[in-house]
Structures are given as structure tokens and as C-alpha cells.
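Below: one structure, written as C-alpha cells.
The values are calculated or read from the model by the stated rules, or taken from the named source; none is laboratory data. Because the structure is a prediction, the values reported are computed rather than measured. Here Cβ is always computed from backbone atoms with ideal geometry, including for glycine, and neighbour counts include all displayed protein chains. Surface accessibility is based on the protein's heavy atoms, side chains included, excluding ligands, DNA and RNA. Shrake-Rupley method; radii C 1.70, N 1.55, O 1.52, S 1.80 Å.
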Amino acid sequence: MSGGCLQKCGIFTKKRGESLYLFMILLAGILWGVIGLFTRQLNGAGLASMDIVALRASVTASVTGLILLFRNRRAFRIRLKDLWIFAGTGIGSIVFFNACYFKTVEEASLSVAAVLLYTAPVFVMLISAAVFREKLTVRKIAAALLTVAGCALVTGVTGSGGISFMTLLTGLGAGLGYALYSIFGRFAIERAYSSMTITFYTFLVAAVFSLICVRPARLFSTAFSTLPLAAVSIGLGVICTVCPFVLYTVGLTHVENSVASVIASVEPVTATIAGAVVYGEKLTVTGIIGIVVVAAAMVLAEK
């Protein structure tokens, strides 16, 4: 989506500073939307859902750690009393969310996984209202419901009828886990931690926890066994994790959780288009209508 289109849609109708943060969240959603392309390659190489969770967390923690080591070592400093926050972002969100999402991708199409994931705006809206006292306005509720409805249309879930109960549970679990990053991330932001610090400790905790659940030697020997697989593994960590999480966390500094979660709903649209282009997954007229509905939800949320 070009800057001109964004301006016409309303994304850049606010003051330039806030518009930049909205754009960061939008870009984060796009980068998250292509993650299925990476995970399917790794699934094909024999890695299970938890293997990919551990790989993603390990690569992300390594990359962000190296960046902080050479650019800002002071950013490694955190207060011990705040460890619960990073346990929340790392285990409560990342490990749980990724395990559920990757399992859903194994059992269903990228589009089905994405629409179940994007029940997250509803979770974010309700939790943020209770925890941070964000106003639960009619516009926000409408935007969240439009997001879910639009995603359902985009992905064709409304007419599929082929989703198992366990796939439904893992998909909704992914939505809840994804929502928890915004919640715990807000706590970290309020304690003045930088986006890189939050990303590093989130994925360090996630890596330590998830590596306990897998066989690390087999995981890394498989993930880096060939140059193409190594590129996919690094891309999973950098393109689909470091970049979007830093962008999203920076965006949260000036955008409410509930609004951010709706703007990031460009992710299932991206996933659906990526699935159609790369894997030949069908994009119907209903899906195109759904894309319009998601765009309308984004405009409604940011007003």
C-alpha cells in the first residue's frame, strides 16, 4: 500500500508524528504476514512447531543481542523486579502464541491460521480496558468486530466448514498469546525500556524456555544443514521477528493497544495474498471484500 493510498484512507490524516507510529505498526503487520512462507519451508525440512518456536526465538535473541553489544550495551540493563514482564512477553506470549500458530499452520491453510490469530484485537481491547483503563468506545468495538469479520471474509473461513476443534483451539490460543504481547509490552514501555531491550529479553526468555522442550542439536543441525535452509532460518528471525517486533514495540509508545492491534490486522491480508501467490491458495471475490472490510476497520480504529 503506497503512502498516497494511506493518506487517502486516513492513516496519515493525523499529525505526522503519530502517523509515523501507525505506519510502523502497519509495516510490522505486513512482515508478520509472510511468516508462513518461512515456517512451511522449515516444516518441510522436518521441524515441528516447537522446534520452529525455539529456532525463531534463538535467532532473534542472537541478532538483537549482537546489535546491542556493538551499539548500546547499557540497553542490557534491566531491573530484577521487572523480570515478570519479560516472562510474560517471552513465555506467556511468544512461546505460547508461536506454538499455537505454527501448529495451526501445520493443520490448516495460511489464511485460516491468520484469521484465527486475528481474534487478537478483541482480546487486546477487553484486556486493555480492564488493565490499562483504555476507553471501550463504540468505535473501538466496531473496529475490532470488523477486523474479525473482515479476516473471516478474506480467508474464506465462513464457508470452509473444515476446521477441526483442535485447530480452532490452537488458532484462538494464538490470538490470545498474540494479544498478551501488547499487554506485557505496555508494562515494559511504561518502565522506560527501549524497543530493542524489550525484544532482546522477550526472545531470550522464549529461547531458554523453548529449547528445554526440544532437542537443540537436532534442531540447529537441521535448520542450518544447507545454505537455503540457513537463509530461511535467519530470515525467520530477522525479517519476520526482529524487524516487526521492534517496529510494533516502538509504535506502541504512541498508539493505544486496541488501535495497534487493529492496524496490525493487515497481517492476515498479507498472509492470504502470500498464500495465493506462492502456494496457489484461492483468493475469491468474498476475500477481496474482506480486504476492504479490514481496511475500513483500520481507518475506523485510527480516527
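When only alpha carbons are used to place a centre, the range 93-134 and the range 186-214 end up 18 Å from one another.
Pairs of lysine residues in the range 14-151 that meet both criteria, 8 or more places apart or on different chains and Cα atoms under 28 Å apart, total 4. In this simple spin-label approximation, ARG133 and ALA217 carry label points 7 Å from Cα along the Cα→Cβ vector, and these lie 5.6 nm apart. Dipole of the chain computed with +1 at Lys/Arg Cβ and -1 at Asp/Glu Cβ about the Cα centre; of ALA271, ALA120, SER49, farthest Cα towards the positive end is ALA120. Protein heavy-atom accessible surface, 1.4 Å probe, per residue over the chain: 43 Å². Extension gain, ILE141-TRP84: 0.36 nm per intervening residue step, less the Cα-Cα distance, totals 17.5 nm. Estimated from helices alone, the mean residue ellipticity of the chain at 222 nm is -23500 deg cm²/dmol (sum of -39500 (n - 2.57) over DSSP H runs with n ≥ 4, per residue).
Among the trypsin sites (Lys or Arg not before Pro) in the range 39-102, those located in a DSSP loop and surrounded by at most 15 other Cβ atoms within 10 Å of their own Cβ are ARG77, ARG79. Of the solvent-accessible surface of the chain, computed with a 1.4 Å probe and all protein chains present, 69% belongs to carbon and sulfur.
Counting only whole DSSP H helices of the chain, the ones at least 24 Å long by C-alpha along their axis and with mean Kyte-Doolittle hydropathy no lower than 0.5 are 16-33, 49-71, 138-155, 165-190, 195-212, 285-302. In the calculated pair-distance distribution of the chain, the portion above 35 angstrom amounts to 14 percent of the Cα-Cα pairs. A Förster radius of 25 Å, combined with the Cβ-Cβ distance separating ALA48 from LYS282, puts the computed FRET efficiency at roughly 0.35. When you work out D = kT/(6 pi eta Rh) for the range 168-220 at 4 °C and 1.567 mPa s, using the Kirkwood radius from C-alpha pairs as Rh and the Stokes-Einstein form, the result is 100 µm²/s. Putting +1 on Lys and Arg Cβ atoms and -1 on Asp and Glu Cβ atoms, find which of CYS213, LEU180, THR39 reaches farthest to the positive end of the dipole of the chain. Positive-end residue among those listed: LEU180.
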